[in-house]
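Report on the structure given below.
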Amino acid sequence: MRSYDVPIRTKESKGCPFAHACNYYTEKCKEEVPPLVTIEEGHQVACHVFGK
């Protein structure tokens, strides 16, 4: 992750809230909020590119 200022989110905001600060974002990240996925007990990730 790059250092960044947290953007203000509104009801109209689209996509992953971290897309602007991610070195791996795709166009999908700017359009869709990624689902929250459990990767092991007590650990979750919400990222379209996780594991790829």
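The values are calculated or read from the model by the stated rules, or taken from the named source; none is laboratory data. Predicted, not measured: the structure shown is a model, and the values here were computed from it. FYI the Cβ positions are ideal-geometry reconstructions off the backbone, even for glycines, and counts take in every protein chain you see.
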Mind listing whichever residues of region 1-21 are at pLDDT below 65 and surrounded by 10 or more Cβ atoms within 10 Å (Cβ to Cβ)?
TYR4
Restricted to region 22-52, and to residues that are assigned to a helix (DSSP H, G or I) and within 9 Å of the chain's Cα centre (by Cα), which residue is surrounded by the most Cβ atoms within 10 Å (Cβ to Cβ)?
CYS29
